[in-house]
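Everything below concerns the one structure shown next.
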Amino acid sequence: MHEAAFAELGLAEWRYQRLPVPPDLFAETARALGAVGFAGANVTIPHKEAALALADEAGEEAAAIGAANTLTFTDGRIRADNTDAPGLLAAIGEPIEGRTALVLGAGGSARAAVWALLQAGVRDLMVWNRTPARAEALCADLGGRPVTESEPADLLVNCTSVGLGADQTFKDLPIAADDIVDYCALIDLVYTESATALARAATSHGLKTVDGLEVLVHQGALSLEQWTGRTAPIETMRRAARRPSPR
């Protein structure tokens, strides 16, 4: 996705690469990237809160949310931003003021979703997590109300990792496939080449479904603009993100 954007923008010397980093080496690795030529980095599970903690400065969203998914390296300093929140709203693509939402999960992505939805005017926001104390802590920090079981809502927002693994199914969530009719739309932050079980159920019941790849495109575009100062070519990035990987 980013390589396609670099090509479109004529940034021939730019490269985007994957760096698997275990949690115990994350801070050391991130602090070293600027010195070896990296302009920035995207950060994903489980490093988003650690990314904010190591930064020298933070954007408004990252500071408020308590998690960052974008690091920018400039003159030996690290800036942390959160493009998950505005990227989520851009992917939804319609006003949600006055609506209700149930967020599944309480990690860095869930924090971004809760903050974004409340900023956009959601009137009743519920947070569920397998560990209830984490949902309670998130709501105490950002707002919303913790729940211990699913409740009907306009929006269902999946911020758990359910769907990343082939063995992860509805048994890991507080809802069953038939319960999806309790919602009007699904926003599933899991991004895979094939639809998750949750997304398939939502589509089969006629719900508006925003998949994780669409959210990824929008948050990635905002990250790219932070690093390059150029307007991101959204359509080019979307096509690249949805292109099947070579087998």
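Every read-out reported here was derived from the displayed coordinates using simple, explicitly stated rules and does not represent laboratory data. Keep in mind the model is a prediction, meaning the values are calculated, not measured. Using ideal geometry, Cβ is built from the backbone for each residue, glycine included, and neighbour counts are taken over all protein chains shown.
A compact table of results
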{"item": "Within the chain, longest stretch clear of exposed GluC sites (Glu not before Pro) (DSSP loop, no more than 14 other Cβ within 10 Å)", "result": "14-96"}
{"item": "Loop-located trypsin sites (Lys or Arg not before Pro) in the stretch 1-102 whose Cβ has at most 14 other Cβ within 10 Å (DSSP)", "result": "Arg15, Arg18"}
{"item": "Stokes-Einstein D (µm²/s) once Rh is taken as the Kirkwood radius of the stretch 86-213 over alpha-carbon pairs, at 4 °C in 1.567 mPa s", "result": "91 µm²/s"}
{"item": "Theoretical ellipticity at 222 nm over the chain - DSSP helices of four or more residues, -39500 (n - 2.57) apiece, nearest 500", "result": "-11000 deg cm²/dmol"}
{"item": "Only Lys, Arg (+1) and Asp, Glu (-1) charged, at Cβ; the chain dipole about Cα centre in debye", "result": "520 debye"}
{"item": "Efficiency of FRET between Glu149 and Ser194 - r from beta-carbon atoms, R0 22 angstrom, step 0.05", "result": "0.15"}
{"item": "Share antiparallel - DSSP beta bridges, the chain, percent rounded to 5", "result": "30 percent"}
{"item": "Rounded Å value of the spacing that divides the Cα centres of the stretch 14-75 and the stretch 91-152", "result": "24 Å"}
{"item": "Ordering of 107-114, 137-144 by burial proxy (mean other Cβ atoms within 10 Å per residue, highest first)", "result": "107-114, 137-144"}
{"item": "Computed label-point distance, nm, for sites Ile234 and Gln119 using a 7 Å Cα→Cβ extension", "result": "1.7 nm"}
